[in-house]
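Please treat every number below as a calculation from the coordinates, not as lab data. Small disclaimer: the values here were computed from a predicted structure and weren't measured. Positions of Cβ are generated from backbone atoms using ideal geometry, with glycine treated the same way; all protein chains shown enter the neighbour counts.
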Ligand SMILES: NC(=O)c1ccc[n+]([C@@H]2O[C@H](COP(=O)([O-])OP(=O)(O)OC[C@H]3O[C@@H](n4cnc5c(N)ncnc54)[C@H](OP(=O)(O)O)[C@@H]3O)[C@@H](O)[C@H]2O)c1
């Protein structure tokens, strides 16, 4: 690509917004030209508006960029990465799509819409074609594409490998979700220190539905949801980054743990999604150690984009059980959105 595509970040000061800034630093295709946030931040240089808390340094080019309002009139770019709260995204994202922007959203507002792709390119890159239908339905020159909630991400990549090899009927899953998943400043320290909180509003419904869309087939009438029954328990734990999910599954054809491990090791992203700049290398990793994956040790595998699986063993209730891990603000949010935008560009749909 000879010239870089201008992009903006909406919600640039938040937990996911900061990840966008870090991951877009030196991106080969995209150049950040605008940063937007709430009235609290508008008019201030980014460095002042945002309390930077990533270990990576705040990119130099971003320090003095003045934060603008999250409106199409205030921004001149081709792609907007949305890290807005869902209630706000609901009203704003269609305005951007109408005005010709491609909106790559982390918010849950449009994930369930029949003509909106819910994408993990290493799982369902072909679903991006829904954009054509979406543009026809709304008369938009722009579009909205979404990535799933951060708990479904690593889980769905692992389930896809098993679904392709053996079929998939049921999944019973229990999450242990990191604090950064609740945004910044997130859960009060007095609530989470020395504690586990066995409730995350709206999360179980998302984990029980979103993988079915991503594991579904794209047909002429849109995505046919995968016929898989899900039951999810979601929990907040005192980990900074990295969502762990313990899963038990019933497969279409019974498989041994060794066969399942082989399917995970051999899994490859669809060809169109393999060599994009943010493509996880590899898409899936299986760890042999009996006590892995662990968030602190394994979340940065493949620059935080790889999904990690371990502890594959027989399940006395269903067929097999295992553990997955993925980085929630990288693969589960900003990195995932950037990967989606790269697929959009590659497919000539921008
Ligand atoms: N955290 C994760 O792991 C994760 C993963 C997947 C998806 N998501 C989704 O991504 C979105 C962002 O999450 P987050 O965790 O980054 O939240 P967050 O840390 O609370 O950040 C929210 C951002 O939105 C901005 N904002 C708030 N009200 C606004 C307004 N009226 N107009 C314009 N901007 C406004 C904030 O700006 P100010 O600083 O100016 O207030 C801030 O930049 C949410 O929809 C969330 O569900 C999060």
Which angle from 0 to 90°, rounded to the nearest 10, does the C-alpha axis of helix 257-266 make with the longest principal axis of the chain? 30 degrees
Considering only 122, 210, 289, give the residue with the highest GNM mean-square fluctuation for the chain, with springs between Cα atoms whenever their separation is below 10 Å. 289
Cα centroid separation, the stretch 242-271 to the stretch 11-51 (Å): 36 Å
Nearest 5 percent is fine: what portion of the DSSP beta bridges confined to the chain is antiparallel? 45 percent
Nearest 10 degrees is fine. How inclined is helix 203-214 to the longest principal axis of the chain, computing both from alpha carbons? 90 degrees
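In the P(r) worked out for the stretch 150-327, what percent of Cα pairs fall beyond 24 Å?
36 percent
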May I ask you to derive the FRET efficiency for residue 246 and residue 350 from their Cβ-Cβ distance with R0 = 41 Å, giving the value to the nearest 0.05? 0.60
Would you list 132, 212, 299 from fewest to most Cβ contacts within 10 Å? 132, 212, 299
Residues listed by number, the stretch 264-308, amide nitrogen under 15 Å from residue 55 label point at 7 Å toward C-beta: 294-305
Calculated FRET value between residue 258 and residue 174, using beta carbons and R₀ = 22 Å, to 0.05: 0.35
How high is the relative contact order of the stretch 253-312, in percent, counting Cα pairs under 8 Å that sit 6 or more residues apart? 34 percent
Kindly express, to the nearest 10 degrees and within the range 0 to 90, the angle between helix 86-98's C-alpha long axis and the longest C-alpha principal axis of the chain. 60 degrees
Sorted by Cβ density within 10 Å, fewest first, the residues 321, 213: 321, 213
Given the DSSP H assignment, sum -39500 (n - 2.57) over each helix run of at least 4 residues in the chain and divide by its residue total; what's the result at 222 nm in deg cm²/dmol, nearest 500? -8000 deg cm²/dmol
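For the chain, what is one quarter of the convex hull surface built on the Cα atoms, given in nm²?
Average projection, Cα convex hull of the chain: 16.8 nm².
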For the residue pair residue 66 and residue 26, what label-to-label distance in nm results when each label sits 7 Å from Cα along the Cα-to-beta-carbon direction? 3.0 nm
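Using Cβ counts within 10 Å as a stand-in for footprinting exposure, how do 338, 197, 79, 5 rank, fewest first? Don't skip to the end; give the middle numbers.
Details: 338 27, 197 15, 79 24, 5 18.
Least to most surrounded, the residues fall as 197, 5, 79, 338.
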